1. I'd like to check something: does region 274-284 contain any residue that is open to solvent by 30 Å² or more (accessible area, probe 1.4 Å), touching a strand residue (DSSP E or B) at 6+ places or on another chain (Cβ under 6 Å), within 18 Å of Ala196 (Cα to Cα) and in a loop (DSSP other than H, G, I, E, B)?
2. Report the residue count in region 148-183 for those that are in contact with a strand residue (DSSP E or B) (Cβ under 9 Å, 6 or more places away or on another chain) and charged (D, E, K, R).
3. Search region 206-265 for residues being acidic (Asp, Glu) and not in a helix (DSSP H, G or I), and hand back the single one that is farthest from Asp146 (Cα to Cα).
4. If you take the residues in region 135-169 that are acidic (Asp, Glu) and either open to solvent by less than 10 Å² (accessible area, probe 1.4 Å) or assigned to a loop (DSSP other than H, G, I, E, B) (or both), which one is farthest from Pro124 (Cα to Cα)?
5. Out of (1) surrounded by fewer than 21 Cβ atoms within 10 Å (Cβ to Cβ); (2) closer than 30 Å to Gly293 by Cα; (3) out of contact with any strand residue (DSSP E or B) (no Cβ under 7 Å at 6 or more places or on another chain), what's the single condition that is false for Val186?
6. Search region 176-202 for residues that are more than 16 Å from Ser223 (Cβ to Cβ) and pair each with any residue that is buried (at least 18 other Cβ atoms within 10 Å of the Cβ) and small (Gly, Ala, Ser) when their beta-carbon atoms are under 8 Å apart and the residues are at least 6 apart or on different chains.
7. Name the one entry in Arg78, Arg92, Arg57 that is out of contact with any helix residue (DSSP H, G or I) (no Cβ under 7 Å at 6 or more places or on another chain), farther than 20 Å from Glu209 by Cα and of a type in the set (Lys, Arg).
8. Being small (Gly, Ala, Ser) and farther than 18 Å from Val86 by Cα is the filter; apply it to region 33-74 and report the residue that is most open to solvent (accessible area, probe 1.4 Å).
Amino acid sequence: MTSMAVDPLTAPGGTESASAVRRHELAAFLRSRRERITPEQAGLVRGRRRRTPGLRREEVAQLSAVGVTWYTWLEQARDIHVSSQVLDALSRALLLDPSERAHLFALAGTPDPAPGTECPSVTPAIRTMLEQLDPIPACVQNSRYDVLAYNRTYALLLCDLDALPPEERNCLLLAFTHDDWRASVVDLPEVTRMMAAKFRASMAGHLAEPAWKALLHRLESRSPEFREVWERHEVVDQRGRTKYIRNAHVGLLHVEHTNLWLGPASGPRLVSYPPMDAETRARMERLHRIALGAAPRGTARAGSGGPTAPGGTAHATAPGGPTAPEGAPGPGGAPGPAGTGAATRPAYATMGP
């Protein structure tokens with residue numbers, strides 16, 4: 001009689017064990033994150049002969065201070081123990097955002113010792129750049145529209161971002177569900193249609209990733225308008241355009257939406273709104289003064305992604321909720337008096353949901 005060898009990855013009944021499935025998911029996730037990072041992003045020299053997309057395994061091992069063989073076993077879904085310290089090092093080496101970091105620890109079945117760790121994509125230099133951009137509103141977003149950092153002026157551009165919980169600081173979610181945000185957007189149907197089309201184009205490379213699926217589920221469950229737009233299957237790429245924003249504090253703003261990618265096009269980008277005319281510039285300066293005079297409501301809050309605009313010192317936080325208007329908003333509307341106040345409020349950095 002011939003006996004068959006038992007596959008250690010297979011549970012009785014012919015199905016993969018839960019731990020085996022997790023190991024294979026972890027291996028695939030690590031490979032996908034490794035392949036998306038360029039040597040330059042990791043501070044390495046590219047060299048002349050490089051066929052591997054992204055980083056090599058030995059480079060990740062070097063950056064994480066682990067053995068090459070051990071890391072290779074991880075990508076081969078070997079049944080080995082992974083400590084939280086090693087996972088933390090891998091998370092930093094692979095430049096994972098907070099949601100990706102949480103996914104890494106979940107796949108490894110290990111509690112995250114520092115769940116509020118800031119996104120490594122938002123470096124001190126980028127935070128300084130955001131600060132220097134004020135009064136021009138600016139933020140750092142990832143391709144899911146999570147706001148990773150923002151400055152003072154951006155905090156009050158479309159709504160009071162500081163008043164929102166971190167998990168709500170996602171521009172796509174706010175555009176379809178937040179009343180104050182929607183009231184600030186001129187030509188709302190066209191803007192939301194374009195945002196959904198850009199999201200669909202970006203999601204093509206992330207269809208199996210939990211953070212993307214979770215955001216899609218939230219949008220479909222909370223917005224009938226999003227469901228209707230999503231069913232059109234429209235796709236467009238990320239591109240700048242001029243737009244009008246009806247700010248609740250200073251009135252109508254005519255701006256140019258610009259994107260500056262901080263790495264590969266699928267990664268984080270610096271989004272800014274330079275003024276298109278002198279009146280808008282003056283209103284932005286007034287909005288910045290209002291933001292400076294506002295009480296600091298959101299110091300060092302950790303959370304999922306959220307926008308960061310130029311100006312101020314970056315802290316862990318995310319966009320917020322509604323703010324009371326300072327004057328009559330709308331085209332040509334005369335804004336109310338700019339707020340005054342001595343205390344300067346820092347800009348904020350946060351992590352994507």
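1. Checked against the condition, which is being open to solvent by 30 Å² or more (accessible area, probe 1.4 Å), touching a strand residue (DSSP E or B) at 6+ places or on another chain (Cβ under 6 Å), within 18 Å of Ala196 (Cα to Cα) and in a loop (DSSP other than H, G, I, E, B), region 274-284 yields no hits at all.
2. The qualifying residues number 3.
3. It comes out as Glu231.
4. It comes out as Asp160.
5. (3)
6. Hits for this filter: Ser184/Ala248; Ser202/Ser143.
7. Arg78
8. Filtering region 33-74 for residues that are small (Gly, Ala, Ser) and farther than 18 Å from Val86 by Cα, the one most open to solvent (accessible area, probe 1.4 Å) comes out as Gly43.
The values are calculated or read from the model by the stated rules, or taken from the named source; none is laboratory data. On a predicted model such as this, the values are computed, not experimentally measured, just so you know. We place every Cβ from the backbone using ideal geometry, glycine too, and count neighbours over all the protein chains shown. Note: accessible area is taken over every heavy atom of the protein model, side chains too, but ligands, DNA and RNA are not part of it. Shrake-Rupley method; radii C 1.70, N 1.55, O 1.52, S 1.80 Å.
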